[in-house]
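Everything on this sheet refers to the single structure shown next.
The values are calculated or read from the model by the stated rules, or taken from the named source; none is laboratory data. Keep in mind it's a predicted model, so treat the numbers as computed, not measured. Ideal geometry is used to build each Cβ from the backbone, glycine not excepted, and the neighbour counts take in all protein chains shown. Accessible surface areas use protein heavy atoms only, side chains included; no ligands, DNA or RNA. Shrake-Rupley method; radii C 1.70, N 1.55, O 1.52, S 1.80 Å.
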Amino acid sequence: MRKIQMVDLKGQYEAIKEQVNSSFATILENSSFINGPEVHGFQKDLESYLDVKHVIPCANGTDALQIAMMGLGLKPGDEVITADFTFAATVEVIALLQLTPVLVDVLPDTFNIDPKAIEKAITPKTKAIVPVHLFGQCANMDAILEIAAKHNLFVIEDNAQAIGANYKNNKDGKLKAGTIGHVAATSFFPSKNLGAYGDGGAIFTNDDELAHTLRGVVNHGMYERYHHDVVGVNSRLDSLQAAVLRAKLPLLDTYNSKRRDAARKYTKALKGIEGVITPETVNGCGEICDTCDCHVFHQYTLKITNGKRDALVKHLADKEIPCGVYYPIPLHKQKAYVDDRYNDSDFPVTNQLVQQVISLPMHTELDDEQIAYITDAIIGFIKN
Ligand SMILES: *Cc1c(COP(=O)(O)O)cnc(C)c1O
């Protein structure tokens, strides 16, 4: 059996090697490292894949979130509601911009932000909601858009983990994750579903005026050379990364389908085992299916309900099976974000999830032998 890796990107490279190597050679020959034709080409390709009017490439997903908030004109003191159970980047940029983060609890079935908790947290100062489409599946955008419309709030999707996923919106039929709210941010970190060979990110929006603002913000607030109209940042996707992403984008649906294949096999082996809860898919037919495309399994995350999650992590490590605990600490308990405004009892779901979750190896190169080895190891542990 091949050694099991949490993330394995080598097979993807083998398949696009010629294209990537030849694009790299051209970029090196032309020295078009910044803003070369590959960047514009990738932008257009992604706009068409997502069916969104504007993609604004930038340096990474964290920048993308920050730039989206700057472009919306959010001001210090404005409250921004987001999930307690996510990667810290989301809350970090809120705090960096001196906005007030308001963390709320998530739902136990999807790990995504709880619309009821959002409603409870709204005050006259609330200006935006940041749903994170965690682990590859959209948050309940219908409910979130309804709340946002009622209270006149912006919706900024953190789509770092769900690129390519569909969401069945009641009004508009199928929409791609990241094209549902006012603006979205994504990341092309190598391990994401669409990963570069370094850092990269992008912002998406259907709003022409906002897109224009964002294009200036990413480039030092410049709309005309050396005229700085707003305070901006320097955040660029470089040409080499764009070339990799351009080669990979036509394969994204295939990559996501391979992830779903692995997820389906994990679920088939583990569903119904006492003490183990397999992940739910809620936005489509309820199954892990390639027609709905509603879950792209950035992570395949189990809940271990018998109190032995940490022992399982160790057991798997002993068998040379890597795994991850995303995330081990709720954001409201992280030193940087603790605040008197929060009551621990407002986060019952997150507080439980951090004890129960375990993410299994997930990438496009897992084979049946590896998956069987992993699920056998889990079943063996649970039954002992
Ligand atoms: C990866 C990630 C980010 C940040 O992306 P970077 O490109 O690493 O800056 C933000 N939010 C979530 C949910 C992520 O998973």
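If a residue must be over 21 Å from Ser48 (Cα atoms), surrounded by 14 or more Cβ atoms within 10 Å (Cβ to Cβ) and not small (Gly, Ala, Ser), how many such residues does the range 214-239 contain?
Selection size over the range 214-239: 8.
Based on this model, can you work out whether Ser23 counts as in a helix (DSSP H, G or I) and out of contact with any helix residue (DSSP H, G or I) (no Cβ under 6 Å at 6 or more places or on another chain)?
It is false that Ser23 is in a helix (DSSP H, G or I) and out of contact with any helix residue (DSSP H, G or I) (no Cβ under 6 Å at 6 or more places or on another chain).
Find the residue count for the range 4-18, including only residues that are buried (at least 16 other Cβ atoms within 10 Å of the Cβ) and of a type in the set (Val, Ile, Thr).
Residues in the range 4-18 being buried (at least 16 other Cβ atoms within 10 Å of the Cβ) and of a type in the set (Val, Ile, Thr): 2 in total.
Restricting to the range 42-77, what's the tally of residues that are more than 16 Å from the ligand (Cβ to nearest atom), surrounded by 19 or more Cβ atoms within 10 Å (Cβ to Cβ) and of a type in the set (Gly, Ala, Ser)?
Selection size over the range 42-77: 1.
Return a yes/no flag: does the range 286-296 have any residue that is out of contact with any strand residue (DSSP E or B) (no Cβ under 8 Å at 6 or more places or on another chain), open to solvent by 80 Å² or more (accessible area, probe 1.4 Å) and at pLDDT below 95.
yes
Using beta carbons and a limit of 6 Å, which pairs, at least six apart or on different chains, have the first residue in the range 366-384 and in a helix (DSSP H, G or I) and the second one small (Gly, Ala, Ser)?
Short answer, once both residue conditions are applied: Thr375/Ala269; Ile382/Gly275.
Name the single residue, out of those in the range 313-329 being closer than 17 Å to Gln370 by Cβ and in contact (Cβ under 8 Å) with a residue 60 or more places away in the chain, that is nearest to the chain's Cα centre (by Cα).
This residue is Gly324.
Suppose we keep only residues that are farther than 22 Å from Lys168 by Cβ and outside any loop (DSSP other than H, G, I, E, B) within the range 267-300. Which one would you say is nearest to the chain's Cα centre (by Cα)?
Top of the filtered list is Ile277.
Kindly provide the set of residues from the range 78-113 that are within 13 Å of the ligand (Cβ to nearest atom) and either on the phi > 0 side of the Ramachandran plot or part of a helix (DSSP H, G or I) (or both), ordered by number.
Matches in the range 78-113: Ala89, Thr90, Val91, Glu92, Val93, Ile94, Leu96, Phe111.
Looking only at the range 143-197, which residues are near the ligand (Cβ under 10 Å from one of its atoms), small (Gly, Ala, Ser) and either in contact with a helix residue (DSSP H, G or I) (Cβ under 7 Å, 6 or more places away or on another chain) or open to solvent by 20 Å² or more (accessible area, probe 1.4 Å) (or both)?
Scanning the range 143-197 gives Ala160, Ala162, Ala185, Ser187, Ser191, Ala196.
Identify, by number, the condition in (1) in a helix (DSSP H, G or I); (2) under 20 Å from Val217 (Cα atoms) that Asp45 doesn't meet.
That leaves (2) as the condition not met.
Does the range 341-364 contain at least one residue that is small (Gly, Ala, Ser), touching a residue at least 24 places away in the same chain (Cβ under 8 Å) and assigned to a helix (DSSP H, G or I)?
Within the range 341-364 (the criterion being small (Gly, Ala, Ser), touching a residue at least 24 places away in the same chain (Cβ under 8 Å) and assigned to a helix (DSSP H, G or I)), the answer is no, since none of the residues qualifies.
Going by the structure shown, is Thr123 open to solvent by less than 10 Å² (accessible area, probe 1.4 Å) and polar (S, T, N, Q)?
Answer is no for this residue.
Kindly evaluate Leu312 against the criterion of being over 23 Å from Asp109 (Cβ atoms), in contact with a strand residue (DSSP E or B) (Cβ under 9 Å, 6 or more places away or on another chain) and not in a loop (DSSP other than H, G, I, E, B).
No, not satisfied.
Would you say Gly307 is assigned to a helix (DSSP H, G or I) and not aliphatic (A, V, I, L, M)?
In short, no.
Within the range 19-38, how many residues are open to solvent by less than 10 Å² (accessible area, probe 1.4 Å) and hydrophobic (A, V, I, L, M, F, W, C)?
Total satisfying the criteria: 2.
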